[in-house]
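Data first, discussion second: the structure below is written as structure tokens.
Only the coordinates and a few stated rules stand behind these numbers; no lab work does. Given the structure is predicted, the values throughout are model-derived calculations rather than measurements. Glycine gets a Cβ as well: all are built from the backbone with ideal geometry, and neighbour counts include every protein chain shown.
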């Protein structure tokens with residue numbers, strides 16, 4: 001009886017040893033991986049500069065063209081924007097003489113969820129748009145452009 | 001004879017540990033492989049920067065960019081030919097950068113233009129850098 005009890009205690013010791021070993025591996029692994037991440041950084045977040053560039057491009061387009069309904073009906077063609085690319089990664093809103101462009105229906109709207117773009121809490125979350133706001137005057141009208149971007153690169157095998 | 005059996009027993013006793021250790025080494029190696037000389041990070045950077053340059057270009061522009069770092073990394077990672085490093089797919093509005101074997105980073109540009117005459121020019125002197133040059137033109141249907 002004593003012998004069996006001793007064996008059970010020994011077996012328990014063996015099992016406990018595995019936990020120590022696994023813990024050690026996890027500890028070392030986390031150290032190596034976090035070291036690599038700290039060294040190489042967490043990637044290059046270009047959402048803000050993307051949004052700024054898009055609003056700049058739209059501003060250039062609005063300055064260059066007569067602002068009327070025809071322009072907004074053919075917006076992507078006239079401003080040389082590829083809608084197929086924009087539809088999943090960018091949001092655009094153009095307002096004219098608006099007091100609150102984020103909430104207003106806007107003269108031209110592409111995409112949705114504009115209020116979320118200026119939330120402080122979403123800045124570090126790459127799933128949310130980072131946004132840019134451009135305001136300028138043309139022919140006495142106050143034009144406001146809001147653009148947002150979640151554009152990121154993707155890895156392809158080959 | 002007994003000694004040989006003893007070695008076998010020791011290995012068998014520690015088989016669980018050996019398997020765990022092998023899984024650990026393979027896992028860590030797979031994670032660290034993603035960083036290969038920063039190929040992932042630099043591939044991401046170059047694909048985004050080239051894409052953004054195309055975005056703010058207009059038809060008729062001629063562009064030359066310093067890509068010295070990218071070519072150095074690709075060479076270290078045994079990317080066979082330099083023509084493989086940068087690829088632009090006009091119908092898909094996509095620029096891809098390959099700095100390590102088997103993987104490339106791709107980035108879409110929304111500017112409705114085409115990119116032609118993609119050419120990697122090698123710097124010859126000490127101060128000369130490798131440059132990627134291309135022309136931006138209207139969409140060619």
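Some notes on this structure:
- Taking every residue in A:28-39 and counting other chain Cβ atoms within 10 Å of its Cβ, the average works out to 2.
- Between helix B:15-33 and chain B: long-axis angle, C-alpha atoms, 0 to 90°, nearest 10: 10 degrees
- Only helical runs count toward this figure. For chain B, summing -39,500 (n - 2.57) over DSSP H runs of n ≥ 4 and dividing by all residues gives -13000 deg cm²/dmol at 222 nm.
- Two-site label geometry, residue B:83 and residue A:33: point separation in nm, points 7 Å out along Cα→Cβ: 4.0 nm
- If you plug the beta carbon distance of residue A:83 and residue B:138 into 1/(1 + (r/R0)^6) with R0 = 22 Å, you get a FRET efficiency near 0.80.
- Distance between the modelled labels on residue A:76 and residue A:116, one decimal in nanometres: 2.1 nm (7 Å Cα→Cβ projection).
- With helices as the sole contributors, chain A gives -15000 deg cm²/dmol at 222 nm; each DSSP H run of n ≥ 4 counts as -39500 (n - 2.57), and the sum is divided by every residue.
- Axis of helix A:47-64 versus longest Cα principal axis of chain A: the two differ by about 10°, to the nearest ten degrees.
- Number of partner chain Cβ atoms within 10 Å, mean per residue of B:56-66: 1
- For B:47, A:46, the sequence from fewest to most other C-beta atoms within 10 Å is A:46, B:47.
- Estimated FRET transfer efficiency (residue B:128, residue B:56; beta-carbon r; R0 35 Å; 0.05): 0.85
- Measuring between their Cα centroids, region B:30-50 and region A:80-158 lie 28 Å from each other.
- Nearest 10 degrees, 0 to 90: helix A:2-40 Cα axis against chain A principal axis: 30 degrees
- Measuring r between the beta carbons of residue A:109 and residue B:11 and using R0 = 51 Å, the FRET efficiency lands at 0.15.
- At q = 0.10, 0.11, 0.18, 0.23 Å⁻¹, base-10 log of I(q)/I(0) for region A:47-157 (Debye sum, equal scatterers on each alpha carbon): -0.28, -0.34, -0.87, -1.37
- As a rough footprinting exposure proxy, the listed residues B:46, A:64, A:128 were ranked by other beta carbons within 10 Å of their own, and the order from fewest upward is A:64, A:128, B:46.
- For the pair residue B:117 and residue B:25 in one chain, pulling the backbone fully straight at 0.36 nm per residue adds 28.6 nm over the alpha carbon distance.
- Within region B:10-49: backbone nitrogen closer than 16 Å to the residue A:18 label point (7 Å, Cα to C-beta): B:12-24
- Average 1/r across all pairs of distinct alpha carbons in the protein assembly as shown, invert it, and you get the Kirkwood radius: 23.4 Å.
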